1. Rounded to the nearest 0.05, what FRET efficiency is calculated for Lys176 and Arg200 with R0 set to 25 Å and r the Cβ-Cβ distance?
2. Using the Kirkwood formula on the Cα atoms of the chain, what hydrodynamic radius do you get, in angstrom to one decimal?
3. What ranking do 50-60, 110-120 get when scored by the average of other Cβ atoms within 10 Å per residue, highest first?
4. Around Pro110, with a cut-off of 11 angstrom between Cβ atoms, what is the net charge of the other residues, counting Lys and Arg +1 and Asp and Glu -1?
5. Rounded to the nearest percent, how much of the accessible area of the chain (1.4 Å probe, protein heavy atoms only) is carbon and sulfur?
6. Dividing the alpha-carbon Rg of region 41-85 by 2.2 N^0.38 Å yields what?
7. Which of Lys176/Lys211; Lys76/Lys137; Lys74/Lys176; Lys106/Lys212; Lys106/Lys211 have a Cα-Cα distance over 23 Å?
8. Taking the highest mean first, how do the peptides 69-82, 211-224 order by number of other beta carbon atoms within 10 angstrom per residue?
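The values are calculated or read from the model by the stated rules, or taken from the named source; none is laboratory data. All values reported here derive from a predicted model rather than from experimental measurement. Methodologically, a virtual Cβ is constructed for each residue, glycine included, from the backbone with ideal geometry; neighbour enumeration extends over all protein chains shown. Areas reflect the complete protein model, heavy atoms only, side chains present, ligands, DNA and RNA absent. Shrake-Rupley method; radii C 1.70, N 1.55, O 1.52, S 1.80 Å.
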Amino acid sequence: MSKPNILLVEDDPDIQQLVAYALIKAGMNVSCADRGEDALLLLEREPFAAIILDLMLPGKDGLDVCRTIRALEKTKNIPVIMLTARSDEDDIVAGLNIGADDYVTKPFSPKVLIARIRSVLRRRAQVNSRAGQEKYKTISLHGLVIDTGRHEVLYKGSRIQLTATEFAILCLLAEKAGWVFTRQQIIDRARGYEYLITPRAVDVQVFGLRKKLGAAGELIETVRGIGYRIKE
């Protein structure tokens, strides 16, 4: 099996060296960029399995880079892990809402970061595997059309761009409309059983999903004290 190619976007040379060494030691290939603009140029030229993205960059910052990644057809499905010193809840919410798949704050453990990377890579492999097995499977519900093979969501004919995590949550709810899923069940489906995540992060993902779905977001109901469901 070929080594996954990881793009590391970090302007601090010490942190860049530390993370790059940890990635290589973990059996991954790594390409580094000091600026957001340089990262986008690398993405045009090379395929990457995942991106580690600092928020506070010179020039185009991490949020702008993430928005661009999610807007481009070639890069929209690449998992993005934000690595930053910003630990305020609003910053975390902002990063997740624009399409980041995960958020790691500084100071951090390289082992934890590697575990997070492996988690998003497993999740992407699972999505691709399901796409191959269920190439023509679609779920239609209240004007929503979810194509699990194409990883595509339409609402009344308009395409909605979702992250891999948001898509996994929507599929889980839509496949069994009316069923209530706990936050832990959502974590297990969307992130993997070995992933360390808080219920608050699930709420953030659902909030972002509702926002992207627009009027269809009202279909996702909060069941107080338990979790979420989608209307039958």
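1. Values: r = 24 Å, r/R0 = 0.96.
Using R0 = 25 Å, I get an efficiency of 0.55.
2. About 18.2 Å for the chain.
3. 50-60, 110-120
4. It works out to a net charge of +3.
5. 52 percent
6. With N residues counted in region 41-85, Rg over 2.2 N^0.38 Å equals 1.09.
7. Values: Lys176/Lys211 21 Å; Lys76/Lys137 21 Å; Lys74/Lys176 31 Å; Lys106/Lys212 29 Å; Lys106/Lys211 28 Å.
The answer is Lys74/Lys176; Lys106/Lys212; Lys106/Lys211.
8. Packing order, densest peptide first, comes out as 69-82, 211-224.
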